[in-house]
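One structure below.
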Amino acid sequence: MTEYVGTATPVGSAYVARTPGVNVSSATVRSDMVALERDGYLVQPHTSAGRIPTDKGYRFFVDHLAPAGILGTPQRQRVKRFFDRVHGEMEDMLERASTLLSELTPYAAVVVSPSHGSATVRSVQLVSLAPRLVLLVVVLSDGAVEKRTLELDEGLSEEELGRLSTRLVQGLVGCDLDGAAELVPDAGGASSTFLESVGRALHEIARAEESDQVYLGGPSRLAEAFDAVETVRSVLSILEQQLVVVTLLRDVLDRGLSVAIGTEHGFEPLASCAVVVAPVSVGDNETGAVGLLGPTRMNYPQALAAAHVVSSELSERMNDAFGHHRGGDRGGH
């Protein structure tokens, strides 16, 4: 298994017999290979070739034989430096984290953003852009920054905008994003119409935040991982469909798995792929995910270790933002 993962070349009985620690003849190895092929764990792509693992063979390897994956010291230090230094908006961090994850492995990486439904409003600002144009800036507790441009029927003075900003801060800071739109205070008069538009903008932000965002890192690595150009095109086409990617990763996690191999994940265009997934947890809820996608001939211990480390760091950062304490890690293949 390890030899084929490293070389992509079918492995013959003579090679196995020469492997250190194997003290049987090539004939015995050949007989065992025939038995494994009969049971569906190996397949012989050509009559004169050696054998390669099937999806069933990979599954047995992952569940029973694969050693625990550990990132090398340089990689672990790189992850630590990244999360120590990354600042700015949450979306930027998630996008950069997908690139980081792809660079830790030879595979494409996917990060599904955690839901902001449980985020609270940290600050609200109204900024005058023109006599009848105001920018609404909402900062959430998870670091997300949302901006909406609002048009006014009639202009508001800087002094009036300042008073309205203060009312919004008093009424909304600390509230859940989902409920903030319902709590916009009524100022009466001309300002009331403007605050109604603020409420509608907050509704739009809440609805937008319910949609999972997908960040893709290292798509060019797919060209290196697969020999067939058509396979690369098919996989890239799937990754461009955000809903499909979210559904794929969440379905794997919902089944209690961290690895889905070949047809196990149920997406026919990805039948030649394996998916490694780790959850991003906020409090007791798994609200996001990180994943690696590559050929079934994947270095599973390495991929699992990389996904686990990045998901743990992302979870810690998200929990810090929400003020939650981390629970236990989720495992399982």
**Report entry** Number of the condition not met by Ser211 [criteria: (1) at pLDDT below 80; (2) touching a Gly at 6+ places or on another chain (Cβ under 6 Å); (3) not charged (D, E, K, R)]
**Finding:** (2)
Report summary line: Within the stretch 35-48, residues surrounded by 13 or more Cβ atoms within 10 Å (Cβ to Cβ) and either hydrophobic (A, V, I, L, M, F, W, C) or over 38 Å from the mean Cα position of the chain (by Cα) (or both) come out as Leu36, Leu42, Val43
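Any residue in the stretch 60-67 that is of a type in the set (D, E, K, R) and surrounded by 20 or more Cβ atoms within 10 Å (Cβ to Cβ)? Full working, then the answer.
At the first step, the residues of the stretch 60-67 found to be of a type in the set (D, E, K, R) are 63.
Within this subset, residues satisfying the condition of being surrounded by 20 or more Cβ atoms within 10 Å (Cβ to Cβ) are none.
No.
Among the residues of the stretch 249-276, what is the count of those that are among the hydrophobic types (A, V, I, L, M, F, W, C) and touching a Lys or Arg at 6+ places or on another chain (Cβ under 9 Å)? Break it down stepwise before answering.
Going residue by residue through the stretch 249-276, those that are among the hydrophobic types (A, V, I, L, M, F, W, C) are 249, 252-253, 257, 259-261, 267, 270-271, 273-276.
Checking which are touching a Lys or Arg at 6+ places or on another chain (Cβ under 9 Å) leaves us with 253, 259, 261, 274.
Matching residues across the stretch 249-276 total 4.
Which ones in the stretch 31-50 are at pLDDT 80 or above and either in a loop (DSSP other than H, G, I, E, B) or more than 19 Å from Phe60 (Cα to Cα) (or both)? Before you say what the answer is, go through the steps one by one.
At the first step, the residues of the stretch 31-50 found to be at pLDDT 80 or above are 31-45, 50.
If the condition is that a residue be at pLDDT 80 or above and either in a loop (DSSP other than H, G, I, E, B) or more than 19 Å from Phe60 (Cα to Cα) (or both), then Ser31, Asp39, Gly40, Tyr41, Gln44, Pro45, Gly50 are the ones that fit.
Given the criteria out of contact with any Lys or Arg (no Cβ under 9 Å at 6 or more places or on another chain), in the same structural domain as Ile261 (by TED's automatic domain parsing) and outside any loop (DSSP other than H, G, I, E, B), does Thr28 qualify? Give the steps one after another, and end with the answer.
Numbers: out of contact with any Lys or Arg (no Cβ under 9 Å at 6 or more places or on another chain): yes; in the same structural domain as Ile261 (by TED's automatic domain parsing): no; outside any loop (DSSP other than H, G, I, E, B): yes.
No: the conditions fail for Thr28.
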Requested in this report: Mind listing just one residue for me: the one in the stretch 250-277 that is touching a Cys at 6+ places or on another chain (Cβ under 9 Å) and touching a residue at least 60 places away in the same chain (Cβ under 8 Å) and, of those, surrounded by the most Cβ atoms within 10 Å (Cβ to Cβ)?
Outcome: Ile261
Query raised in the report: Quick one: in the stretch 214-224, which of the residues that are assigned to a helix (DSSP H, G or I) and buried (at least 19 other Cβ atoms within 10 Å of the Cβ) is modelled with the highest pLDDT?
Result: Arg221
Report task. State which residue pairs qualify: first residue among the acidic types (Asp, Glu) and inside the stretch 281-292, second residue surrounded by fewer than 24 Cβ atoms within 10 Å (Cβ to Cβ) and at pLDDT below 85 in any location, beta carbons under 7 Å apart, and separation of 6 or more residues or different chains. Result -> Asp284/Gly327
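Residue-wise test of (1) in the same structural domain as Leu104 (by TED's automatic domain parsing); (2) touching a strand residue (DSSP E or B) at 6+ places or on another chain (Cβ under 8 Å); (3) modelled with pLDDT under 80; (4) closer than 24 Å to Leu136 by Cβ.
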site	(1), (2), (3), (4)
Glu160	no, no, no, yes
Ala180	no, yes, yes, yes
Gly189	no, no, yes, yes
Gly199	no, no, no, yes
Phe226	yes, yes, yes, no
Leu236	yes, no, no, no
Leu249	yes, yes, no, no
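Quick grid of which residues meet (1) in contact (Cβ under 8 Å) with a residue 40 or more places away in the chain; (2) farther than 21 Å from Val214 by Cα; (3) not assigned by TED's automatic domain parsing to the domain that holds Leu172:
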residue	(1), (2), (3)
Asp63	yes, yes, yes
Val79	yes, no, yes
Ser98	yes, no, yes
Ala109	yes, no, yes
Pro131	no, yes, no
Lys147	no, no, no
Report summary line: Checked pairs for the stretch 29-40, first over 14 Å from Ala17 (Cβ atoms), second part of a helix (DSSP H, G or I) and at pLDDT 90 or above, C-beta under 8 Å and 6 or more apart or across chains, list as Leu36/Gly57; Gly40/Lys56; Gly40/Gly57
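The values are calculated or read from the model by the stated rules, or taken from the named source; none is laboratory data. Note that this is a predicted model, so its numbers are computed, not measured. Every residue, glycine among them, receives a Cβ derived from its backbone with ideal geometry; neighbour counts consider all protein chains shown.
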